[in-house]
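Notes for the one structure printed next.
Any read-out appearing in this document is the output of simple, stated calculations on the displayed coordinates, not a laboratory observation. Computed from a predicted structure; not experimentally measured. Please note: Cβ atoms are built from the backbone with ideal geometry, for glycine as well, and neighbour counts cover all protein chains shown.
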Amino acid sequence: MSKVYLTHNNIVSSFGFDSAAAIQNISNEITGLKLIDDKSVLPNPFYSSRIQQDKLEEKYQQLNPREKHTRLEKMLLVSLKETIADSKVKITDRVGLIISTTKGNIDVLENQTEFDEERAYLGALGNKIKIHFGFKDDAIVLSNACVSGVLAVATAKRLITQNRYDHIFVAGGDLVTQFILSGFNSFQALSEEPCRPYCKTRTGINIGEVAASVLVTKDQSLLIDESVVVLGEASCNDANHISGPSRTGEGLYRSIESALKQANLTSDDIDYISAHGTATSFNDEMEAIAFNRASLQNTPLNSLKGYFGHTLGASGLLETIIGMHSLHQNTLYASLGFKELGVSQPINVIKKTKKQYIKSFLKTASGFGGCNTAAIFQKVSN
Amino acid sequence: MQKEFYIQSYCHITRNEVLVNGKSVFKSDEIEFTSFIKAAYKNFDIDHSKFFKMDNLSKLAFIASDVLLKNEPEKNIALILSNNASSLDSDRKHQSSIADPENFYPSPAVFVYTLPNICLGEISIKHQLYSENSFFVFENFNADVLSTYANSLLADDKAEKALCGWVNIDEGKYDAFLYVVAKKGTFVHSIPEINLLYKTNE
């Protein structure tokens with residue numbers, strides 16, 4: 001069976017309009033989170049990372065759009081444009097498009113919008129992206145809560161392995177909206193401070209805004225420095241609760257075990273874990289339990305939420321891309337915001353950014369609906 | 001070499017009726033969705049009090065899956081569902097609770113259902129499935145992606161069976177078509193066959 005790789009990639013974030021800008025800031029342990037006072041979104045000031053509006057508009061206009069696009073569409077188009085152009089892949093019927101999003105253009109449900117409600121349908125969003133770049137098939141929109149981004153990568157691998165496509169562009173994005181913040185606030189899950197995943201003093205999540213994209217392919221001639229091979233992936237449900245994580249970390253543990261099995265690796269082969277780490281009390285505790293059950297308690301681990309906040313449907317994809325760069329740079333990035341362990345089981349949270357040879361990493365995510373996903377990536381050796 | 005897979009059984013729910021393998025198993029006079037689905041729940045004699053807390057999409061997916069899985073011994077069943085309207089039915093409820101600053105009452109019980117994959121969690125809890133979950137959103141029913149994805153999970157031994165299909169609820173209109181893909185069964189698991197079964201109740 002031919003291998004499937006992740007290669008050309010882009011991150012549109014508060015740090016800038018490419019992956020390099022995000023990596024540069026993470027390397028320097030700089031957060032993109034800022035205190036934002038925007039009463040149209042939340043009555044109280046909140047921490048978030050948002051893409052610079054004027055620069056986004058400038059980048060978007062360079063695409064010579066032939067119709068009007070929503071803010072999220074602009075983010076996705078700008079990110080995908082870079083990835084498609086860098087890869088030089090010609091769009092044919094062997095090239096697929098997967099969009100990962102939880103809420104899509106949900107802001108069009110709000111009163112003051114120039115777009116009609118039809119745009120809230122995720123298929124409509126997918127169509128706008130498809131049409132702009134001339135993809136032959138309809139976009140495959142994956143909406144699976146907070147695991148969407150990493151599950152989208154797994155889905156791309158699965159469709160390529162089945163020989164449905166040769167290449168798939170995966171793009172993920174979600175907005176920071178009143179819809180989302182009021183909802184998380186009703187769960188009392190929002191932190192009033194920059195989030196501190198796994199820390200004793202953690203008080204909840206921040207929501208951030210990012211669009212990310214990557215090319216998934218079986219074509220070795222498209223590989224670049226930070227390319228990785230997808231060795232294994234799995235997505236298991238907790239079968240326990242729709243909004244609370246499992247006390248035993250059941251679904252996450254099973255996802256990790258299944259991904260390891262497919263990769264034909266053991267926990268000792270994992271050099272780094274890019275974990276979910278939302279900084280809510282229950283999520284981080286659940287992860288610590290699952291990592292211990294999987295004998296991964298000593299493996300260096302971070303959550304990147306301290307840099308971007310939780311970017312929802314983009315987060316798993318964003319964090320996978322940063323993991324690719326982490327392997328290439330042989331650097332373990334600090335889990336920003338972490339001071340003192342605040343979970344009941346031992347885990348090895350990276351306190352300070354450091355150079356270390358790393359070959360393989362595990363990416364995990366968990367979300368509402370009891371869903372969990374684990375994927376294992378390895379450096380391409382040549 | 002790709003093994004061949006089969007459709008073991010299928011179910012339709014639309015126009016106040018539940019059909020299994022093309023045969024009516026429940027029909028109600030209730031036109032309105034919430035009354036109809038409650039009548040279906042009672043008719044099938046299901047004991048699962050969480051049902052009453054679910055949103056409409058989850059209720060629809062829950063009943064459609066229950067008629068197919070109630071006598072199913074296999075637990076390694078992947079859930080691969082899709083629709084057109086995502087969770088817009090609940091999204092609109094959450095939005096109406098936050099639209100007016102004078103009357104601002106977002107509720108976690110509504111907000112949690114503003115994700116389409118929550119119905120997969122509800123099915124997993126009922127049937128104790130610790131299995132693969134994926135929720136796709138398409139403009140129209142997409143047998144191509146559903147079948148390719150199911151084949152991948154079965155061929156890679158990620159699942160023994162797959163519960164696939166379409167569950168959509170939007171502006172009071174509802175439509176479910178679920179089917180179980182297995183290594184043995186009646187119908188060949190192919191795009192034309194899936195499309196044929198999907199349309200049998202149109």
Legend entry - Contact order relative to length of segment A:228-379, as percent, for alpha carbon pairs under 8 angstrom and 6 or more apart: 38
Inset, instruction - Taking a cut-off of 20 Å between Cα atoms, list the aspartates and glutamates near A:LYS351, but don't count ones fewer than 8 places away on the same chain. - result: A:GLU29, A:GLU193, A:ASP271, A:ASP284, A:GLU285, A:GLU287, A:GLU319, A:GLU340
Inset, instruction - Please identify the helices of chain A, taking whole runs of DSSP H, that span at least 18 Å along their own axis as judged from the Cα atoms and have a mean Kyte-Doolittle score of 0.0 or higher. - result: A:71-87, A:148-161, A:315-329
Inset, instruction - Please state, as a whole number in µm²/s, the translational diffusion coefficient that the Stokes-Einstein equation yields for segment A:274-328 at 37 °C and 0.692 mPa s, with Rh defined as the Kirkwood radius across alpha carbon pairs. - result: 274
Legend entry - Test item: A:238-247 mean partner chain Cβ contacts at 10 Å: 5
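Quick one: compute the contact order of chain B, relative version, from alpha carbon pairs under 8 angstrom and 6+ residues apart, as a percent. Numbers along the way, then the final one.
Details: 360 pairs, mean separation 68.1, N = 202.
Relative contact order for chain B comes out at 34 percent.
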Legend entry - Size of electric dipole in segment A:228-379: Cβ of Lys, Arg +1 and of Asp, Glu -1, about Cα centre, debye, nearest 20: 440
Legend entry - Charge-dipole axis of the protein assembly as shown as Lys and Arg at +1 and Asp and Glu at -1 on Cβ define it, positive-most pick from B:ASN16, A:ILE321, B:ASN103: A:ILE321
Inset, instruction - Take the cross-link list A:LYS157/A:LYS305; A:LYS352/B:LYS126; B:LYS3/B:LYS75; A:LYS130/B:LYS158 and give me the ones stretching past 32 Å between alpha-carbons. - result: A:LYS352/B:LYS126
Legend entry - Reachable aspartates and glutamates, given that their alpha-carbon falls under 12 Å from the alpha-carbon of A:LYS90 and they are not under 8 places away in the same chain: A:ASP166
Inset, instruction - Could you tell me which of A:LEU341, A:GLY367, A:SER281 has its Cα farthest along the dipole of segment A:228-379 towards the positive end, charges placed at Cβ (Lys, Arg +1; Asp, Glu -1), taken about the Cα centre? - result: A:LEU341
Inset, instruction - Note down the magnitude of the dipole of segment B:6-199 about its Cα centre, charges +1 on Lys and Arg C-beta and -1 on Asp and Glu C-beta and zero elsewhere, to the nearest 20 debye. - result: 520
Legend entry - Two-decimal Rg/Rh across segment A:79-232, once Rg and the Kirkwood Rh are taken from alpha-carbon atoms: 1.02
Legend entry - Positive-end extreme of charge dipole, chain A - chosen from A:ALA211, A:GLN61, A:ALA290 (charges on Cβ): A:ALA290
Inset, instruction - Please tell me the relative contact order of chain A in percent, rounded to the nearest whole number, where contacts are Cα pairs under 8 Å and at least six residues apart. - result: 23
Inset, instruction - Report, in debye and to the nearest 20, how large the dipole of chain A comes out about its Cα centre when Lys and Arg carry +1 and Asp and Glu carry -1 on their Cβ. - result: 760
Legend entry - Cα-Cα pairs of chain B separated by more than 29 Å (percent): 21
Legend entry - Nearby aspartates and glutamates by direct alpha-carbon distance to B:LYS161 (threshold 13 angstrom, same-chain neighbours under 8 apart not counted): B:GLU4, B:GLU72, B:GLU74, B:GLU132
Inset, instruction - Go ahead and estimate [θ] at 222 nm for chain B from helices alone: -39,500 (n - 2.57) per DSSP H run with n ≥ 4, summed, over the residue count, rounded to 500. - result: -10500 deg cm²/dmol
Inset, instruction - Show that you can apply the helix-only estimate: for chain A, add -39,500 (n - 2.57) for every DSSP H stretch of four or more residues, divide by all residues, and state [θ] at 222 nm to the nearest 500. - result: -9500 deg cm²/dmol
Legend entry - Three principal axis lengths of the protein assembly as shown [C-alpha, angstrom, descending]: 65, 62, 53
Inset, instruction - Take the eigenvalues of the Cα gyration tensor for segment A:228-379, scale each by 5, and report the square roots as semi-axes in whole Å, largest first. - result: 21, 18, 14
Inset, instruction - Give the peptides A:158-169, A:183-194, B:109-120, A:21-32 in descending order of average Cβ contacts within 10 Å, highest first. - result: B:109-120, A:158-169, A:183-194, A:21-32
Legend entry - R0 of 22 Å, Cβ-Cβ distance B:SER107-A:LYS34: FRET efficiency to nearest 0.05: 0.15
